[in-house]
């Protein structure tokens with residue numbers, strides 16, 4: 001019997017692409033710099049998996065995602081020819097764009113309904129700080145923050161799912177992972193968790209080709225978090 | 001400038017003595033066993049500091065408080081001549097008494113008001129699981145759970161306060177520790193945190209002699225959590 005729901009956050013609960021682009025737009029406009037900020041958001045995010053892969057591969061010890069994001073920001077600014085235009089303090093500020101991301105329209109009501117029956121927590125690759133400030137920004141009603149920093153590892157490594165279940169005093173089968181990404185659910189299932197797929201077909205913009213459909217028979221498939229609440233019996 | 005408030009929980013936010021005694025009363029009544037359950041709660045709690053001290057002293061690695069509580073429960077049952085009367089599954093169940101503790105009358109309103117201005121989190125010696133289920137039991141509106149398990153150490157070791165501030169991306173002076181215990185605040189202050197004292201003169205029952213007054217000039221002194229919200233400018 002499932003007692004807790006763990007959520008992927010970037011893409012599943014919040015719209016990181018719109019949020020980062022909006023923050024970047026305001027940031028560069030203040031400085032009189034012209035940038036395609038959606039392309040900037042995509043370029044910054046494109047460095048996310050390779051940066052985590054170095055930690056997963058063991059060639060680098062665990063550092064929180066804030067550190068990787070900041071390094072990736074430096075590289076993205078260089079790619080856009082803006083290295084000389086943005087000082088370190090401003091970069092620290094722009095790096096906090098990841099704490100100011102809009103929830104998808106159904107996220108707050110869906111999570112609030114689900115919380116009445118299940119413990120709910122992010123199981124994200126984001127740090128405790130990112131998840132906490134992001135929740136305060138958007139009103140996400142988490143019971144606590146779990147995920148990468150608890151495990152000092154990055155999804156899809158099994159330690160992240162297992163440490164998050166264990167931190168609640170639960171065995172994996174008492175926990176359900178909710179995500180818009182098939183690979184996240186595959187790893188959660190392999191670790192013994194239940195799985196729920198919620199598609200987010202515009203996470204990567206109008207031309208998205210990945211994760212439009214479930215790859216396999218996840219335990220629950222829902223159209224959004226309100227539908228998930230209905231399917232889990234409210 | 002303070003951005004987050006960390007709270008001691010057992011005694012400061014919830015009334016552990018009443019809660020444990022109530023849970024024990026129902027537990028033993030169900031089994032037809034006559035026990036002074038307030039004395040039982042006090043005896044169980046009396047083993048708390050010595051158990052943590054073995055971890056603090058390094059003679060034992062960190063284990064979550066749930067594990068220490070369970071060992072202390074076994075010893076307390078033996079002290080009360082009840083070792084043969086309670087099987088292991090029932091002990092596991094009784095150990096969850098620490099997840100079912102009533103908040104003090106001002107705690108929910110005080111925390112809710114404080115949350116509108118500050119990030120709020122427990123910085124307790126309790127585990128993430130204990131703090132999460134306890135929050136769900138009592139409606140405590142934490143932003144996340146910090147404290148001992150994040151640091152793999154027990155208060156008053158400085159690592160607990162420092163790891164909790166760091167997990168929010170804050171320096172110690174941006175964080176205020178709130179507690180009903182002078183020794184907790186002394187350790188927090190030594191680690192660089194701001195401090196707020198809230199007396200809980202009946203935590204240990206009507207005859208309490210400790211922590212009735214602040215020992216020194218803590219940064220804020222409040223009569224309860226609603227008064228703390230007023231003094232921190234709401």
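Starting from a label point 7 Å past Cα on the Cβ side, list the distances from residue B:216 to the same position in the other copies, nm, shortest first.
Shortest to longest, the spacings are 5.9 nm.
Taking the rotation that carries A onto B, look along its axis and tell me which residue of A has the beta carbon nearest to it, distance in whole angstrom.
Residue nearest the A-to-B axis, with distance in whole Å: A:144, 3.
Determine the relative contact order of the range A:1-103: mean sequence separation of Cα pairs under 8 Å and six or more apart, normalised by residue count, in whole percent.
Details: 73 pairs, mean separation 41.6, N = 103.
Computed over the range A:1-103, the figure is 40 percent.
Among B:201, B:103, B:64, which one moves the most in a GNM of chain B with springs linking Cα atoms closer than 10 Å?
Comparing B:201, B:103, B:64 in a Gaussian network model of chain B, the most mobile one is B:201.
Given 20 °C and 1.002 mPa s, how large is the Stokes-Einstein diffusion coefficient of the protein assembly as shown in µm²/s, with Rh as the Kirkwood radius over Cα pairs?
91
With each label point set 7 Å from Cα along the Cα-Cβ vector, what nm distance links residue A:137 and residue A:25?
So the label points at residue A:137 and residue A:25 sit 1.5 nm apart.
Using only Cα atoms and rounding to the nearest 10 degrees, what angle (0 to 90) does helix B:65-79 make with the longest principal axis of chain B?
Compared with the principal axis, the helix lies near 40 degrees.
With the calculation restricted to Cα positions, what are the radius of gyration and Dmax of the range B:133-216 in angstrom?
Both quantities, over Cα of the range B:133-216: 13.8, 41 Å.
Provide a whole-number value for the mean count of partner chain Cβ atoms within 10 Å of the Cβ atoms in peptide B:133-141.
Taking all residues of B:133-141 together, the mean is 2.
If the elastic network links every pair of Cα atoms under 10 Å, which of A:30, A:106, A:143 fluctuates the most in the Gaussian network model of chain A?
The residue with the greatest mean-square fluctuation here is A:30.
How far apart are the residue A:63 label points across copies, placing each 7 Å from Cα toward Cβ, in nm, shortest first?
Residue A:63 label point versus its equivalents elsewhere: 3.6 nm.
Among B:138, B:169, B:192, which one shows the biggest mean-square fluctuation in a GNM of chain B, springs joining Cα atoms closer than 10 Å?
In the Gaussian network model the winner is B:169.
Once each part is reduced to its C-alpha centroid, what is the distance from the range B:63-139 to the range A:168-234 in angstrom?
Centre-to-centre distance over Cα atoms comes out at 31 Å.
What is the mean number of Cβ atoms from other protein chains located within 10 Å of the Cβ atom of each residue in peptide B:164-175, rounded to a whole number?
Mean inter-chain Cβ contacts per residue within 10 Å come to 2.
Quick one: what does P(r) look like for chain A with 10 Å bins over all Cα pairs, in whole %?
8, 33, 37, 17, 5, 0
Considering Cα pairs under 8 angstrom that are at least six residues apart, work out the relative contact order of the range B:45-104 and quote it in whole percent.
Contact order relative to length: 29 percent.
What FRET efficiency comes out for residue A:56 versus residue A:82 if R0 is 30 angstrom and r is the Cβ-Cβ distance? Round to the nearest 0.05.
That gives a FRET efficiency of 0.55.
Compute the FRET efficiency between residue B:46 and residue B:171 as 1/(1 + (r/R0)^6), taking r as their Cβ-Cβ distance and R0 = 41 Å, and round to the nearest 0.05.
The formula returns an efficiency of 0.65 here.
If you average the sequence gap of Cα pairs under 8 Å that are 6 or more apart and divide by the length of chain A, what percent do you get for the contact order?
25
For chain A, what is the percent of antiparallel DSSP beta bridges, rounded to the nearest 5?
Looking only at bridges with both residues in chain A, the antiparallel portion is about 5 percent.
Extending each Cα 7 Å along its Cβ direction at residue A:75 and residue A:116, get the distance between those two points in nm, one decimal.
4.6
Residues of A:145-152, mean number of Cβ from any other protein chain within 10 Å of their own Cβ, rounded to a whole number? Write down the numbers at each step before the final one.
Values: counts 8, 4, 0, 0, 2, 4, 0, 0.
Taking all residues of A:145-152 together, the mean is 2.
For residue B:79, which inter-copy label distances result when the label point lies 7 Å beyond Cα on the Cα-to-Cβ vector, reported in nm to one decimal and in ascending order?
From this label point to the equivalent ones elsewhere in the assembly: 6.2 nm.
Say R0 is 41 Å: what FRET efficiency, to the nearest 0.05, do residue B:93 and residue B:159 get from their beta-carbon distance?
Here the calculated transfer efficiency is 0.80.
How large is log10 I(q)/I(0) at q = 0.23, 0.26 Å⁻¹ when the Debye formula is applied to the Cα atoms of the range B:16-99, each weighted equally and without solvent?
-1.13, -1.39
Any read-out appearing in this document is the output of simple, stated calculations on the displayed coordinates, not a laboratory observation. Nothing here was measured: the structure is a model prediction, and the numbers come from that model. FYI the Cβ positions are ideal-geometry reconstructions off the backbone, even for glycines, and counts take in every protein chain you see.
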